Amino acid sequence: MSMQLLSEYLEYLEIEKGLSENTTQAYRRDLTDFMSDIKCELSNINRSQITTYIRNLHEKHYSPTSVMRKIASLRGFFKWLCANNYCTSNPTLTLEQPKVPKKLPKVMTLQEIETLLNQHLTKLEKVILELLYDCGLRVSELVNLKINDYDLNAKYIQCYGKGSKERIVPMGKKAVTAVKNYMPERDYLIQKYRLNTKRLLIHENGRELTRQDVYNFIHAQGKKIHKTISPHTLRHSFATHLLENGADLRVVQELLGHSDVSTTQLYTHISKKRLKEVYFSINKD
């Protein structure tokens, strides 16, 4: 019965709430682990069991971020169970979230960005770097781009972020050029492998590009500048560089697809931190 309710809840998240497959799968993992640990019917679970479960997570050395995510998964699930009369009381009410220390995301310098972009790259690699940095796309948004999601004449991309939220992102000249140069190669791969796909990015072996492909490529690029980076590092750099050059916070919020401006405000702290670093590097004496 518990697993059936979990399936119904995940279907609700995907269809009615519009959550992405990746987010839904994260909920599935968290809640499956919880039910395996508790081993009793959901309607019989009490606050004491929830507290014990969370304490066990800490004892297993889960990070505060992981614990916070698992608590959020439980809260959402039990709220849904109560709303649909599968539970008479919600044992997750008033649960305290662990304090998570704020970490400023890694940001690349303009020189590091230029170093990567000015090296010898395939046409596909050029598109990946330009769209991640020039448009600030998430890796999931990048790999899911379709050939009708952009307009090179109007210079914009239409992408779908968290919760399938649609947004329009302008494309710079370099991103437009990178896509234009890549399209003949894509057409060749479509014909060579007789593909029937609308995805924009195709791997050279004829399959659709995956998130892992992009992660591996960006990680390898980081080694060239002696830095550990991910696709999100380029997105962070995109936002920070915009703010450092006078962009309005609300505009950056829209470009990133943040639902809450407080998320975007994190980048103002990065800018201040970098300003201090530059100042003290110049004024060492």
Against the conditions (1) of a type in the set (K, R); (2) open to solvent by less than 50 Å² (accessible area, probe 1.4 Å); (3) modelled with pLDDT of 95 or more, where does R167 fall short? Just the number, please. (3)
Per-region count, region 99-114, residues open to solvent by 70 Å² or more (accessible area, probe 1.4 Å), at pLDDT 65 or above and not aliphatic (A, V, I, L, M): 5
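Within region 14-26, can you find the residues that are part of a helix (DSSP H, G or I) and in contact (Cβ under 8 Å) with a residue 24 or more places away in the chain? Can you show your working first?
Going through region 14-26, the residues part of a helix (DSSP H, G or I) turn out to be 14-15, 21-26.
Selection gives N22, T23, A26.
Answer with yes or no whether I218 is at pLDDT below 90, crowded, with 19+ Cβ neighbours inside 10 Å and among the hydrophobic types (A, V, I, L, M, F, W, C). Show your work before the answer.
Details: at pLDDT below 90: no; crowded, with 19+ Cβ neighbours inside 10 Å: yes; among the hydrophobic types (A, V, I, L, M, F, W, C): yes.
Against the criterion (at pLDDT below 90, crowded, with 19+ Cβ neighbours inside 10 Å and among the hydrophobic types (A, V, I, L, M, F, W, C)), I218 does not qualify.
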Looking at region 63-81, is at least one residue open to solvent by less than 80 Å² (accessible area, probe 1.4 Å), assigned to a loop (DSSP other than H, G, I, E, B), farther than 25 Å from I225 by Cα and among the β-branched types (V, I, T)? no
Among the residues of region 166-186, is there at least one that is in contact with a His (Cβ under 9 Å, 6 or more places away or on another chain) and over 16 Å from T122 (Cβ atoms)? no
For the condition at pLDDT below 90 and among the polar types (S, T, N, Q), what is the one hit in T32, T65, T92? T65
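Out of region 18-59, which residues are charged (D, E, K, R) and surrounded by 15 or more Cβ atoms within 10 Å (Cβ to Cβ)?
First, pick out the residues of region 18-59 that are charged (D, E, K, R): 21, 28-30, 33, 37, 39, 41, 47, 55, 59.
Answer for region 18-59, where residues must be charged (D, E, K, R) and surrounded by 15 or more Cβ atoms within 10 Å (Cβ to Cβ): R28, D30.
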Given (1) within 23 Å of K17 (Cβ to Cβ); (2) open to solvent by less than 70 Å² (accessible area, probe 1.4 Å); (3) in contact with a strand residue (DSSP E or B) (Cβ under 8 Å, 6 or more places away or on another chain), where does Y160 come up short, assuming only one miss? (2)
Criterion first (in contact with a Pro (Cβ under 8 Å, 6 or more places away or on another chain), among the polar types (S, T, N, Q) and assigned to a helix (DSSP H, G or I)) does Q4 satisfy it? no
Close pairs from region 243-265: first closer than 19 Å to M108 by Cα, partner among the hydroxyl-bearing types (S, T, Y), Cβ under 6 Å, at least 6 apart: L243/Y267; L243/S271; E244/S271; V252/T264
Cross-chain or 6+ apart pairs with Cβ under 8 Å, region 110-124 first and closer than 16 Å to V214 by Cβ, then open to solvent by 30 Å² or more (accessible area, probe 1.4 Å) and part of a loop (DSSP other than H, G, I, E, B): T122/E204; L124/H203; L124/E204
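If I go through region 204-215 residue by residue, how many of them are under 16 Å from K192 (Cα atoms) and either open to solvent by 60 Å² or more (accessible area, probe 1.4 Å) or among the aromatic types (F, W, Y) (or both)?
So the count comes out to 4.
Going by what's in this entry, would T177 be described as open to solvent by 10 Å² or more (accessible area, probe 1.4 Å), over 17 Å from the mean Cα position of the chain (by Cα), closer than 23 Å to L242 by Cα and among the β-branched types (V, I, T)?
Spelling it out, T177 is indeed open to solvent by 10 Å² or more (accessible area, probe 1.4 Å), over 17 Å from the mean Cα position of the chain (by Cα), closer than 23 Å to L242 by Cα and among the β-branched types (V, I, T).
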Q253 - would you say it is out of contact with any Gly (no Cβ under 7 Å at 6 or more places or on another chain), polar (S, T, N, Q) and at pLDDT 95 or above? no
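In region 138-160, what residues are part of a loop (DSSP other than H, G, I, E, B), under 17 Å from Y182 (Cβ atoms) and not basic (K, R)?
N144, L145, I147, N148, D149, L152, N153
The values are calculated or read from the model by the stated rules, or taken from the named source; none is laboratory data. Since this is a predicted model, take the numbers as computed values, not measurements. Positions of Cβ are generated from backbone atoms using ideal geometry, with glycine treated the same way; all protein chains shown enter the neighbour counts. To get the accessible areas, we keep the full protein, side chains included, count just its heavy atoms, and leave off ligands, DNA and RNA. Shrake-Rupley method; radii C 1.70, N 1.55, O 1.52, S 1.80 Å.
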